[in-house]
Amino acid sequence: MDRSESGRLLAVSLYLASAVLVMAPPMARAGAPRNGDRFMNLAGRRDLPALPTMLPFFLRKAWTELVPRNGAARLVPFDREAISHNPSITWIGHSTMLVRMDSVTFLTDPIFSERASPVSFAGPKRLVAPGIPLADLPPIDFALISHDHYDHADAASIAALAARGTRFIVPLGLGELVRSAGGEAVELDWWETISLAGVRVHCVPAQHFCGRSAFDGNRRLWAGWVVEGPTRRFYHAGDTGYFPGFKEIGTRLGPIDLAAIPIGAYDPPSIMHYVHMNPEDAIRAAIDLGAARVVGMHWGTFDLTDEPLDEPPRRFRDAAARRSVDDKAWILDVGETRPW
């Protein structure tokens, strides 16, 4: 064993010794704002688009359900040896990442189903198979879920992972969904932290919304995540619009070694700009975070909005080049693994 590996193992051992399976006290500021029993964004209430804007959008998406568009992300065979590397990240598709760092292996926003929908016969259909089939996953220490939308909190995937013994860490109010699927969940508010398996998981703000029906809007919280280990820090933005909170996250929990940030689902801006980022916003957010590297996600897997399916990675690379961070901005193929 070389000296660097010995040092890493020592660091992990020391960190494990200090880690406890209890909630850490909330940080300096209170959690997510609320209006009665509904959560709110830091920017306040979102003005919803008018029906003349929304109705044509829904009709367009109904058409693409019937006539699928080209431009899905490219699928490559996963490499078992590569995914065993620590640290590494593998894009399974959409916002689902397999991450290995320090003492843990975890998933983000796991969805392995054919549709992002409450029913099996309708709703956004998967355009590219999962980069790693669920049955081929390595042992998973925990899974992070950012919010309750069907393309991020998939009940069938939760149930399958729960049957394997996977634990879940979720924002406030989302634990009931996990438990109804047979899983165990720890619920956190913004700026709360849990320590487990040798890492600290921090729940951080995002700018989005929640709801799985017409009657439960914003009754569950939405969030991003920072996983802090002895040698690495990983940030997963979940679903979010651009907001000033990225700078605070970087200041309080940085330095971030790798940030996974959504780059798709942004057109039309009249509907999406408050709750989703475009590729230029994503680069701006990565710079605000002070992230050493950023990987684009939330594109090319489900056809959710109007932009061409293959446009987000092109704009992401162009935006990174304009800000002179192109060597730090990654686009992965579905199934691709990269060390970090």
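Bear in mind these aren't lab numbers, they're just calculated from the coordinates by the rules spelled out. Worth saying up front: this structure is predicted, and the values here are computed from it rather than measured. Note that each Cβ is placed from the backbone with ideal geometry, even for glycine, and that neighbours are counted across all protein chains shown.
Taking the Cα centre as origin and putting +1 on Lys and Arg beta-carbons and -1 on Asp and Glu beta-carbons, what dipole magnitude results for the chain, to the nearest 20 debye?
Here the chain has a charge dipole of around 360 debye.
Rounded to the nearest 0.05, what FRET efficiency do residue 37 and residue 310 give with R0 = 45 Å and r taken as the Cβ-Cβ distance? Could you check?
Calculated value: 0.65.
Report the FRET efficiency, 1/(1 + (r/R0)^6), for residue 156 and residue 251, where r is their Cβ-Cβ distance and R0 is 41 Å, rounded to 0.05.
0.60
Restricting the calculation to Cα positions, tell me the Rg (one decimal) and the Dmax (whole number) of segment 256-316 in Å.
11.3, 33
State, in angstrom, two size descriptors of segment 99-225 derived from its alpha carbons: Rg to one decimal place and Dmax to the nearest whole number.
Spelled out, the Cα radius of gyration and Dmax of segment 99-225 are 14.2, 42 Å.
Under 8 Å for C-alpha pairs, at least 6 residues apart: give me the relative contact order for the chain, rounded to a whole percent.
21
Calculate the spin-label point distance for residue 324 paired with residue 184, positioning each point 7 Å from the Cα along the beta-carbon direction, and give it in nanometres.
Output for this residue pair reads 5.0 nm.
Against the empirical 2.2 N^0.38 Å scaling, what ratio does the C-alpha Rg of the chain come to?
0.94
Expressed as a whole number of Å, what is the distance separating the alpha-carbon centroids of segment 32-99 and segment 124-145?
15
Which log10 I(q)/I(0) values, to two decimals, does segment 46-87 give at q = 0.15, 0.20, 0.33, 0.34 Å⁻¹ under the Debye formula with one point per Cα?
Treating every Cα as an identical point scatterer, log10 I(q)/I(0) equals -0.65, -0.75, -1.04, -1.06.
For the chain, which DSSP H helices look membrane-span-like by this rule: Cα extent along the axis of 18 Å or more and mean Kyte-Doolittle of at least -0.5?
Helices meeting the span and hydropathy rule in the chain are 3-18, 51-66.
Normalising by the residue count of segment 182-340, find the relative contact order in percent from Cα pairs under 8 Å and 6+ residues apart.
17
Any chance you could list the semi-axes, whole Å, largest first, of the equivalent ellipsoid that the Cα gyration tensor gives for segment 233-340, using √(5λ)?
20, 16, 12
Setting aside same-chain residues fewer than 8 positions from residue 328, which lysines have a Cα under 29 Å from its Cα?
247
Any chance you could run the full-extension gain for residue 50 through residue 67? It's 0.36 nm times the residue separation minus the Cα-Cα distance, nm to one decimal.
Using 0.36 nm per residue and subtracting the Cα-Cα distance, I get 3.5 nm.
Can you pull the percent of Cα pairs in segment 171-297 with separation above 19 Å?
Result: 51 percent of Cα pairs exceed 19 Å.
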